[in-house]
Amino acid sequence: MYRLVYISSPTREMNDDEVHDLLRRAKINNDRDGITGILIYDRRRYLQYLEGDEAKVEATFARISIDPGHRAIIRLQSGTTSRRQFPGWAMAAKMSADDRSLKDSVERLVQNCDREVATELLKFAEARDRVASLKATRLDRI
Ligand SMILES: Cc1cc2nc3c(=O)[nH]c(=O)nc-3n(C[C@H](O)[C@H](O)[C@H](O)COP(=O)(O)O)c2cc1C
């Protein structure tokens, strides 16, 4: 199994309909290509985990990379893993209204993952939360 994780910034804030439309289009393609994973969206960042056949995952990432809907795309990880981590669904959930932090959303999503994958994704989420709380602190002081 091959996996690729990247982070990026939306070029503009999307409304819920647009997010759903993106997930729907992604799911159709990913079902066809045998790709699963998760997409986390916290309005300021995307974090996506893609897994499947290496050529298919890389082809998908090549399409995603040129999408004008986001920028500053950084590949965080890629390589082989022991097994499919998100077999049940081909792309879903992101930040929900009652999640206090990105880490909360990710914690729910990684419950059935291997520990190393869960740790990796939680680490990214925590880093995001730290940046967000720094920004909030700075704004408080103004
Ligand atoms: C954050 C983000 C995540 C995306 N994730 C996927 C994905 O997992 N699979 C996919 O096929 N397209 C994804 N897309 C859409 C692709 O960029 C691209 O629009 C789409 O794959 C084009 O294929 P189509 O012409 O067959 O719809 C994503 C786009 C963005 C901005």
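The values are calculated or read from the model by the stated rules, or taken from the named source; none is laboratory data. What you see is a predicted model; the values in this text were computed from it and never measured. Cβ atoms come from the backbone with ideal geometry, glycine included; neighbour counts cover every protein chain shown.
At-a-glance table
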| read-out | value |
| --- | --- |
| Pairs with Cβ under 6 Å, 6+ apart, first in segment 29-41 and more than 14 Å from residue 64 (Cβ to Cβ) and modelled with pLDDT of 90 or more, second assigned to a strand (DSSP E or B) and within 9 Å of the ligand (Cβ to nearest atom) | 31/90; 36/90 |
| Single residue of segment 3-28 satisfying the filter (within 13 Å of residue 70 (Cα to Cα) and among the small types (Gly, Ala, Ser)) that is surrounded by the fewest Cβ atoms within 10 Å (Cβ to Cβ) | 9 |
| Residue in segment 33-55 that is surrounded by the fewest Cβ atoms within 10 Å (Cβ to Cβ), counting only those that are over 23 Å from residue 122 (Cβ atoms) and in contact with a Lys or Arg (Cβ under 9 Å, 6 or more places away or on another chain) | 34 |
| Total residues in segment 1-34, condition of a type in the set (Gly, Ala, Ser), over 19 Å from residue 72 (Cα atoms) and near the ligand (Cβ under 10 Å from one of its atoms) | 1 |
| Restricting segment 59-91 to residues that are surrounded by 15 or more Cβ atoms within 10 Å (Cβ to Cβ) and within 12 Å of the ligand (Cβ to nearest atom), the residue that is nearest to residue 40 (Cα to Cα) | 91 |
